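First comes the structure, then the notes that go with it.
The values are calculated or read from the model by the stated rules, or taken from the named source; none is laboratory data. As the structure is a prediction and not an experimental result, all values here were calculated from the model. So basically every Cβ, Gly included, is an ideal-geometry build from the backbone, and we count neighbours across all protein chains shown. We work out accessible area using only protein heavy atoms, side chains counted, and drop any ligands, DNA or RNA first. Shrake-Rupley method; radii C 1.70, N 1.55, O 1.52, S 1.80 Å.
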Amino acid sequence: MRKFLYPFLTGLMLLITLSGCNSTPKETDNGWVKLATKTANFQTDTDTVTINSLFNSNHYGSLKLTCTQGSVQIDAIQVNYADGHVQKLSTLGLLTKNSSTRAMTLDRAQNKIKSIQLTYNSLGNSTLNLAGITKKAKLEIWAKKSTETNK
């Protein structure tokens, strides 16, 4: 019984571990890749999303943000490239549930993104969140592959 149980449990643990290591971004039918999901607190906050270059060798030509819950005021978006270049993207301001920014063109599509810095403010407060009236905003960061560099 032990000879069977030990390899079975080892295999099961390996399977669970590998299924949880889904680090490679998945591309949608229209070419967009979700890079990250962020939950905004009810205050002005700056978050930095580091793009894992070990699992992600793609070059991106466009970037957009999607709000999947709540409302959030986008104050600034900064893209930091692997070569040290920094690009500041103009924002459209307020995003509400199921809305997105326009596709913003990246000026270094030939270079990899190192990180993306977001400054935002989720509208509402903790009391209204507990009452179920407003929820913390959830943002998704999407990128579209550059057609010139990903052939």
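Is there a residue being surrounded by 17 or more Cβ atoms within 10 Å (Cβ to Cβ) and within 15 Å of the chain's Cα centre (by Cα) anywhere in the range 89-100? The answer is no, given that none of the residues of the range 89-100 is surrounded by 17 or more Cβ atoms within 10 Å (Cβ to Cβ) and within 15 Å of the chain's Cα centre (by Cα). State which residue pairs qualify: first residue at negative phi and inside the range 95-113, second residue among the hydroxyl-bearing types (Ser, Thr, Tyr) and open to solvent by 60 Å² or more (accessible area, probe 1.4 Å) in any location, beta carbons under 9 Å apart, and separation of 6 or more residues or different chains. So the pair list comes out as Met104/Ser90; Ala109/Thr147; Lys112/Ser53; Lys112/Ser57; Ile113/Ser53.
If you go through the range 69-88 and pick out every residue that is of a type outside the set (Lys, Arg), part of a strand (DSSP E or B) and open to solvent by 60 Å² or more (accessible area, probe 1.4 Å), you end up with 3. Any idea how many residues of the range 89-112 are of a type in the set (S, T, N, Q), assigned to a loop (DSSP other than H, G, I, E, B) and farther than 15 Å from Ile141 by Cβ? Count: 4. Looking across the range 101-117, just one residue is over 19 Å from Asp45 (Cβ atoms), among the β-branched types (Val, Ile, Thr) and buried (at least 17 other Cβ atoms within 10 Å of the Cβ), and that is Ile113.
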